[in-house]
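The values are calculated or read from the model by the stated rules, or taken from the named source; none is laboratory data. If you're wondering where the values come from, they're calculated on a predicted model, not measured in any experiment. Every residue, glycine as well, gets a Cβ built from its backbone with ideal geometry; the counts of neighbours run over all protein chains shown. The accessibility values were calculated without ligands, DNA or RNA, using every heavy atom of the protein model including side chains. Shrake-Rupley method; radii C 1.70, N 1.55, O 1.52, S 1.80 Å.
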Amino acid sequence: MEDLEQHLLLEDVNNGEFTGDGSVDIKGNPIKKQGTGNWRACPFILGNECCERLAYYGISTNLVTYLTRKLHQGNASAASSVTTWAGTCYLTPLIGAIFADAYWGRYWTIAVFSIIYFVGMGTLTLSASVPILKPPPCDGDICPEASLTQYGVFFLGLYLIALGTGGIKPCVSSFGADQFDDTDPAERVQKGSFFNWFYFSINIGALISSTLLVWIQDNRGWGLGFSIPTVFMGLAIISFFAGTPLYRFQKPGGSPVMRVCQVAVASVRKWSVEVPSDSSQLYEMKKGSAIEGSRKLEHSDELRFLDKAATITEAEKKGTNSYNPWRLVTVTQVEELKILVRMFPIWATTIVFSAVHAQMSTMFVEQGTVLDTTVGSFKIPPASLSTFDVVTVIVWVPLYDSILVPFVRRFTGKERGFSELQRMGIGLFISILAMAAAACLEIRRLAIAKQDGLIDKPVAVPLSILWQIPQYFLIGAAEVFTFIGKLEFFYDQSPDAMRSLCSALSLLTNALGNYLSSFILTLVTYYTTKGGNPGWIPDNLNQGHLDYFFWLLSGLSFVNLLVYVVCASRYISKKAH
């Protein structure tokens with residue numbers, strides 16, 4: 001009877017009643033296509049992402065202002081604190097990815113880490129609301145430093161948020177993409193649109209944060225300004241759980257890190273073993289895949305040394321040595337590592353872009369504080385200028401999805417118009433222009449400061465903050481190409497059982513970009529303040545040369561683009577073979 005049931009189930013899968021990509025329901029049973037997944041499940045995931053990003057950007061967008069005005073840190077120190085924390089937010093996804101791929105699956109990883117995130121938000125709100133947990137205001141030029149306890153509670157909340165977001169970031173986009181069956185051509189095309197709308201929902205949350213929440217924080221108090229994002233984080237959790245009956249789930253396939261280590265160790269242990277010329281002689285499961293939740297991968301001819309791990313020795317053929325996963329692995333497991341190695345150069349060349357993007361929440365904001373923020377009778381908070389980045393993304397995504405893709409498709413013949421690599425390259429080029437625009441504005445600002453005799457005065461110059469709009473616009477356009485292209489690339493090119501890990505590795509470039517920004521800031525501060533000089537980025541920016549810093553990033557971005565073009569060309573060449 002059991003064999004008959006399995007046979008009937010297999011027939012249903014083959015006839016298209018069930019999904020063909022191995023997805024299951026929350027109880028682990030094969031799931032039917034009708035009534036589950038696809039766009040019907042996405043509103044709950046997109047709603048979760050929108051609210052969670054609103055909460056995140058409600059903290060991060062104006063964080064540098066809170067650190068300088070309320071915790072009384074210096075400009076360079078505050079910028080470094082922000083980029084270090086933001087970098088950690090993109091480093092912790094490695095933890096969440098390992099839990100998701102190896103043990104809990106994406107759904108339960110998101111659920112658990114969301115609770116941690118919510119606790120962190122609550123702690124941060126308390127640190128800005130309870131009088132004893134915040135330092136007293138400045139008395140003229142005298143600003144008392146925050147106590148160790150005050151710093152401790154604030155940064156505890158901040159880094160609980162960093163840990164919480166680590167379980168959400170690598171899983172939500174992949175979990176949303178899991179709702180589309182890779183084996184169904186129509187759903188596969190729709191999945192490409194999902195990434196665009198996923199990024200769209202991120203920026204809806206960011207738009208509210210960079211306008212309403214920043215204004216509330218600057219004008220109505222930080223306690224209220226932090227409590228609103230906390231409420232939205234609660235709404236994010238509710239939205240996520242509400243869609244549970246509609247979700248399609250992928251089973252965790254065991255530790256991807258362990259599998260990578262097994263391939264590396266087995267290859268080294270079989271250093272002297274000769275790889276057979278016929279790849280069919282390599283070890284592979286006859287039916288299905290040895291990795292839970294993963295389809296078999298075809299053998300590739302590159303990195304032949306790693307094939308030693310799947311080479312069956314005479315002792316193993318005779319059965320005198322039992323199959324030890326640290327001595328013998330399947331071709332699919334070897335190919336997983338090959339894919340990671342092949343993607344590495346592309347991954348590395350997106351780090352500089354993330355360093356450029358980090359300037360929106362640090363140096364762009366600090367530049368805005370010394371510009372004229374008055375427009376009519378309204379005073380614009382400098383952090384609110386990131387609204388123009390968000391609006392650019394919100395406008396660009398529908399235009400890209402509905403107009404640019406169909407138009408480009410006529411010439412390229414590609415389902416999504418541009419390939420992921422082409423899309424990312426365009427964004428890297430635009431980021432160079434963004435840094436050049438910021439540098440040109442700073443040159444003009446310093447010229448006015450000198451002309452009006454404001455060099456020695458830490459005050460804003462009579463130049464409208466609206467002149468920052470072009471640099472925010474260019475960053476937004478670059479995001480639509482590079483960040484969304486990166487999401488697509490690391491999901492589509494990754495092995496089935498490593499998608500959370502590859503998404504985390506994609507996010508890791510954001511962390512390294514923020515750390516790179518902090519590192520560059522530290523070096524610039526160290527070398528430019530020698531001999532008693534004010535340096536490029538002093539507390540009084542009118543005495544500095546922030547334009548040199550922006551030109552430095554523009555130059556690094558140009559060199560990075562050249563390296564990227566070489567790496568992308570090689571990647572395409574290897575894929576073709």
Note to self: Take the conditions in contact (Cβ under 8 Å) with a residue 24 or more places away in the chain, among the basic types (Lys, Arg) and open to solvent by 70 Å² or more (accessible area, probe 1.4 Å) and apply them to residue 570. Does it pass?
What the structure shows: yes
Item checked: segment 117-143 - residue that is closer than 27 Å to residue 92 by Cα and in contact with a Phe, Trp or Tyr (Cβ under 8 Å, 6 or more places away or on another chain) and, of those, most open to solvent (accessible area, probe 1.4 Å) -> 133
Check: Out of all the residues in segment 182-196, is one or more charged (D, E, K, R), under 30 Å from residue 399 (Cβ atoms), open to solvent by less than 10 Å² (accessible area, probe 1.4 Å) and at pLDDT 85 or above?
Finding: no
Notebook entry, point to check: Name the residues in segment 253-289 that are in contact (Cβ under 8 Å) with a residue 24 or more places away in the chain, within 20 Å of residue 316 (Cα to Cα) and β-branched (Val, Ile, Thr), would you?
Noted result: 263, 265, 273, 275
Notebook entry, point to check: Within segment 97-110, which residues are open to solvent by 10 Å² or more (accessible area, probe 1.4 Å) and small (Gly, Ala, Ser)?
Noted result: 102
Check: When both residues are 6+ apart or on different chains and their Cβ atoms are under 8 Å apart, which pairs have a first residue that lies in segment 444-461 and is farther than 12 Å from residue 544 by Cβ, and a second that is β-branched (Val, Ile, Thr) and open to solvent by 30 Å² or more (accessible area, probe 1.4 Å)?
Finding: 460/369
Notebook entry, point to check: Among 332, 313, which is the only one that is more than 30 Å from residue 463 (Cα to Cα) and in contact with a Ser or Thr (Cβ under 6 Å, 6 or more places away or on another chain)?
Noted result: 332
Check: If you go through segment 250-258 one residue at a time, do you hit one that is β-branched (Val, Ile, Thr) and outside any helix (DSSP H, G or I)?
Finding: no
Notebook entry, point to check: Which fully enclosed helices (runs of 4 or more DSSP H) of segment 55-167 have 1 or more residues being over 29 Å from residue 178 (Cα atoms)?
Noted result: 63-69, 75-89, 105-129
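Every residue, every condition in (1) at pLDDT below 85; (2) open to solvent by 60 Å² or more (accessible area, probe 1.4 Å), yes or no:
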{"residue": "377", "(1), (2)": "yes, yes"}
{"residue": "409", "(1), (2)": "yes, yes"}
{"residue": "416", "(1), (2)": "yes, no"}
{"residue": "444", "(1), (2)": "no, yes"}
{"residue": "464", "(1), (2)": "no, no"}
Next item on the list: Confirm whether residue 196 is closer than 17 Å to residue 236 by Cβ and touching a helix residue (DSSP H, G or I) at 6+ places or on another chain (Cβ under 6 Å).
Entry: no
Notebook entry, point to check: Of all residues in segment 398-453, which are basic (Lys, Arg), under 25 Å from residue 200 (Cβ atoms) and in a helix (DSSP H, G or I)?
Noted result: 409, 410, 423
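State the number of residues belonging to segment 544-555 that are crowded, with 18+ Cβ neighbours inside 10 Å and either at positive phi or part of a helix (DSSP H, G or I) (or both).
Matching residues across segment 544-555 total 7.
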